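The values are calculated or read from the model by the stated rules, or taken from the named source; none is laboratory data. Bear in mind the structure is a predicted one, so any value in this text is a computation, not a measurement. Every residue, glycine among them, receives a Cβ derived from its backbone with ideal geometry; neighbour counts consider all protein chains shown.
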Amino acid sequence: MLTMNVSRPSGLLLKSGFRLALCPRPVATSAVMCKGEERVVRKDIRDNPSNHPYRSDWQSGQYYDPRNFRSEFLKPKRIKYDYEDIECRLGTWFDPENIGWSTWQFKRPFDWNESPLRDEQKEPGPEDKNWHDKPVHIFHPFTKVLEGEKQGLLLTKSKWMQKEGDNGTLPQHITDLGNNITIPDHEERVREAILYAHEHDTQDPMVSRNQSAQYMLSQLLFMCSTVTGQYPELLDRRVVDGMDVTANWHRGEDLIQTKGKIGTMMLSKSPLPPFASPDNIAETADHELESIFPVARIIDLQPANIYTTEDHTGFLDGYSFPHMHTLFLLNIDRAARRRHMTVKMMMFAHANCLARARKLYGDTEMDLPEPITAQGVAMEDGVFHFLVYQLNTTKLREDGGVKNMVWLDCDNRLYNYMYLMDHAANVWPLKKRKRWVKHNKKRLEVGLLEYNPDVLKKFVGMYMNGVASGNQ
Amino acid sequence: MAALIQNMRPYLVVGKSCSFTWPPNVLARTCMTSPKALPSAETGQEKRPLYPPVVPSLTSNSEAAKKYKQELIRQKIASLPSPKDKITALLQQNRKAHMLYALGRRYNVHAYQQWVTRTTVVKQLPESVTDVPVDDRFEQVKSQVMDLILQERHYMKRNDNKWREPYRFGVVFTKELARLLTTAVSDGVPHLATANIIHGAKVEYCWPHTEYWCQLLDQPDIQILTHHPLPQYCPMDSAASINGEVPVYEWSPRHLAIFERTRKRTIFPGFKIESPIQCGHTQFRVISKGMSREKFHQDLRKDKTGDQLELRIMGSAVMGLFGWTAAQAFYIGFTWYQDLHYPITSQVVLTDGRFFTFGCYQLNTLSLQQEDNPRRNVLFFQESQPLYDDIQDGQVVGFNDDVLRTLLQVLGNRTEPLQTEWGPEPVPFNPPTRFNYHLGDTQENLFFKKMYAPHLRKDLSSERVVRKLKNFKDNRLGKNIGSGVTDIYQLESNPSVRKFKGED
């Protein structure tokens, strides 16, 4: 401690009679040693707060990196006292209010604009070659849209066919396919797969959601593919992860782009047959899109000024599986609700179809002679949402005319898995954590499993679509 | 049961001194038998030995006593009913173990890996794999695989560096390939139709080697599990396993950058013990995480370490498969002290994306800590061959049919339900007791009881000991009657002595 004992003066006694005091704290360079009766005014850095990020603390000599400690600098710090009244003659540094390590200081808040250490982080501006003054609104895979399905329908200019209440139904021939085709031992296998997905893959008491979802999907796909012997056209399918898809379209005055890498996609050599007859297509011209006034259509889409207007299907020309068949979305890495997942499916299915249409028919906006179709399955912890999308027109700029079609079947619960938690087994929180959250990970036993086989039938129907007709 | 084992915690490693000894009553308690173990009247007719068996004392710290205690504990563990109890009992202690990983990065680390797992390597795949009939639709599968290669290398838009890393490419390609092949082949091959394909589950296994413990931590990229196990490649006592050469590495693994950690040891083959599917069939491993072929070929001219790549692949096959099969053996019920009586087999495909290496492993023995164990584990290994040479103008150049054929044979290797008994024979635990609390009070019994359960001394004596109370104070009378009272006796023993109240 700095309070030194007068009766036992410390420090070196110099020949000239001065006592050179030894201070464990580094002395600011502005201290002036004086002789005799002069008082020393020792300027401390605490008096003159500067924007220089010098950490004036007992352990001084260390520098903060303002980028890491921004909040520290924004807090007001008070200067406690000036270092005056220091009597050099006695060779003591008298510190009347030395209270040790925790002194409060007022400092001016740190000003980013005047700090010499601040990085020059300039975003690329109009000098970039891809700069456009008009921003594009990007729908990326992590977008969570405010209005849900309504906004998705607006953005893709589609009509929700066969909508009954909140959930819809799938087109008839998919459900027929599902009812007619059976996979051997499917109930047992699905049950085992569900239990395995929740229990068995790791040594931890609980399997993480990502892992169980991925396992579930891979097992379902594998199960469906065991029927390849009867339907050898199933070999003409390819399942791919991480397809990078981009598509741009104008919607009114706004340019909308769907871009990003989505989950698992199944591609096939032959395109899916259309789901609606030309009469139904012509009927949609009378349908009015539901507006979400006063909210704009492009809400929650990320605006960007630097972009290119290329469309890309995710693979180059000449690939042998050019048609998108089904998109599988999982509830991985970010919790997504039904409205987010359905919109994502819709937008990416639309983007795929649009990119394919542009490749086939060019960039001009037109009503397509042959509609292009795609499917999507979203899985959210055992709840399945099915989507069937049909692209009829690329005239997306105006609101009137023929619409695209969407069939959505939401909230199909495949299983209800419940387990008893051991309440007494709360894990004590680690002291390292800021928030002392207790995670109860002890489970007592495998609980109920209410299995709904209809959902699996729909899944099988979607998988088999395009390969077998419903009559078999 | 677990508490009992905990009371007799073993200290197995030679060279560690223990300054702690169990109090004799605790040891004696663990040797007490239950009343059910009483010899019945019929068997009591046989001649009973006069003296108890001569075994080392449980209370001493001599070498013989330590070994005896070890043996008792091992018998106790072997008599536990389920494999899960055995694993829990064996792995209770945190012990210093050398952490091993499947891919070693030192020169000739494969020799150490073979020594530590006691594996011989045969440079040929076994006949049971090469004799597997290849599917009729080989041409179709071949065109599919070529499409897949083109897709991954040529057609897919994978712009960012993350997707172009060799490891990521290898993993993606292997997953797609496995998916494709299991889909295409699954109807002719019944074991794959009901198989589980698992991505990214960890495999951990610990075992005692002669002077230290090892713990393997491993994460194969894809595991295929089936309901029934694969048949054996060669008989357990065949020439390969008994006379095969195992390189010897007697130095400390510290020299190979293998470090000891005090870590809770684990045995986990990638699935929990309650899982319905328990037999491992094939592993797919992507090796480009640690090794890159181009770098090796660059070093070839400098350091003459040209064969290290192949040897390292072989070493990682050895370690990965050993850990996997041995952990499966533990789940069946065998332990390091209860050896296998039928071999456990599995297969591995190591790949780079372009080069494929196949291995078939047969686990013959689990007890590696005995030096006189004649059996060795065997790895049948085929060196790496490229699947294709290059891609030019959207065409695959130099496609190798043999590699694809071997791959289909490996995947199509059929599993059979086990003919022999599943699991080790149950072992009863009969410790030789020094005394039996519930037997009659013969002279020797009394002597031992007094020695080992001194708190029962007063109960066991043949005479009724009557203790006179010295100073009896009657509260009712309000005065100290004095020591002349002779008719007040205490017949119960001292209540402050702690008695053994539990069940035997």
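Worth a mention:
- Just so you know, in the range A:279-312 the residues that are within 14 Å of another protein chain (Cβ to nearest Cβ) and part of a loop (DSSP other than H, G, I, E, B) include one that is surrounded by the fewest Cβ atoms within 10 Å (Cβ to Cβ), and it is A:310.
- Each residue in the range A:301-343 was checked for being touching a residue at least 12 places away in the same chain (Cβ under 8 Å) and on the phi > 0 side of the Ramachandran plot, and 2 pass.
- For residue A:267, the conditions (1) in contact (Cβ under 8 Å) with a residue 60 or more places away in the chain; (2) part of a strand (DSSP E or B) are fulfilled apart from (1).
- Hey, residue B:270 closer than 25 Å to residue B:349 by Cβ, within 13 Å of another protein chain (Cβ to nearest Cβ) and buried (at least 21 other Cβ atoms within 10 Å of the Cβ) or not: yes
- Options B:180, B:225, B:217; residue that is without any contact (Cβ under 8 Å) to a residue 60 or more places away in the chain, outside any loop (DSSP other than H, G, I, E, B) and under 22 Å from the mean Cα position of the chain (by Cα): B:225
- Residue match in the range B:264-274 (condition: under 28 Å from residue B:128 (Cα atoms) and touching a Lys or Arg at 6+ places or on another chain (Cβ under 6 Å)): no
- Test: residue in the range B:185-194 that is facing another protein chain (nearest Cβ under 8 Å), at pLDDT below 85, under 25 Å from residue A:312 (Cα atoms) and over 28 Å from the mean Cα position of the chain (by Cα): no
- Only residues that are hydrophobic (A, V, I, L, M, F, W, C) and within 17 Å of residue B:422 (Cβ to Cβ) were counted in the range B:309-352, giving 8.
- Pair list, Cβ under 7 Å, 6 or more apart: the range B:327-355 residue under 14 Å from residue B:232 (Cα atoms), other residue small (Gly, Ala, Ser) and in a strand (DSSP E or B): B:346/B:280; B:347/B:359
- Verdict on residue A:346 being on the phi < 0 side of the Ramachandran plot, assigned to a helix (DSSP H, G or I), of a type in the set (A, V, I, L, M) and crowded, with 19+ Cβ neighbours inside 10 Å: yes
- The range B:81-113: number of residues that are assigned to a loop (DSSP other than H, G, I, E, B) and either of a type in the set (Phe, Trp, Tyr) or within 19 Å of the chain's Cα centre (by Cα) (or both): 7
- The residue list B:359, B:398 contains one member that is out of contact with any helix residue (DSSP H, G or I) (no Cβ under 9 Å at 6 or more places or on another chain) and not aliphatic (A, V, I, L, M), which is B:398.
Here's the yes/no breakdown for (1) of a type outside the set (Val, Ile, Thr); (2) within 12 Å of another protein chain (Cβ to nearest Cβ):
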{"residue": "B:114", "(1), (2)": "yes, no"}
{"residue": "B:119", "(1), (2)": "no, no"}
{"residue": "B:122", "(1), (2)": "no, no"}
{"residue": "B:137", "(1), (2)": "yes, yes"}
{"residue": "B:140", "(1), (2)": "yes, yes"}
{"residue": "B:153", "(1), (2)": "yes, yes"}
{"residue": "B:170", "(1), (2)": "yes, no"}
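- Residue in the range A:212-223 that is buried (at least 16 other Cβ atoms within 10 Å of the Cβ), in contact (Cβ under 8 Å) with a residue 12 or more places away in the chain and either charged (D, E, K, R) or assigned to a loop (DSSP other than H, G, I, E, B) (or both) present: no
- Residues that are surrounded by 13 or more Cβ atoms within 10 Å (Cβ to Cβ), within 11 Å of chain B (Cβ to nearest Cβ) and assigned to a helix (DSSP H, G or I) within the range A:179-197 comprise A:189, A:191, A:192, A:193, A:195, A:196, A:197, listed in sequence order.
- The residues on offer are B:84, B:96, and the sole one that is modelled with pLDDT of 85 or more, more than 30 Å from residue B:244 (Cβ to Cβ) and touching an Asp or Glu at 6+ places or on another chain (Cβ under 6 Å) is B:96.
- Scanning the range B:276-292 for residues that are crowded, with 17+ Cβ neighbours inside 10 Å and modelled with pLDDT under 85 returns B:288, B:291.
- Within the range A:143-178, the set of residues being assigned to a strand (DSSP E or B) and in contact with a Phe, Trp or Tyr (Cβ under 8 Å, 6 or more places away or on another chain) comprises A:158, A:160, A:168.
- Of all residues making up the range B:123-134, the number that are touching a helix residue (DSSP H, G or I) at 6+ places or on another chain (Cβ under 6 Å) and either outside any helix (DSSP H, G or I) or surrounded by fewer than 18 Cβ atoms within 10 Å (Cβ to Cβ) (or both): 2
- Within the range A:348-392, the set of residues being within 27 Å of residue A:242 (Cα to Cα) and among the polar types (S, T, N, Q) comprises A:352, A:373, A:375, A:390, A:392.
- The range A:212-233, subset more than 8 Å from every other protein chain (Cβ to nearest Cβ) and modelled with pLDDT under 85, residue nearest to residue A:265 (Cα to Cα): A:233
- Odd one out for residue A:237 among (1) among the charged types (D, E, K, R); (2) surrounded by fewer than 17 Cβ atoms within 10 Å (Cβ to Cβ); (3) more than 8 Å from every other protein chain (Cβ to nearest Cβ): (2)
- Residue A:315 meets the conditions (1) more than 14 Å from chain B (Cβ to nearest Cβ); (2) surrounded by 18 or more Cβ atoms within 10 Å (Cβ to Cβ) in every case but one. The failed one is (1).
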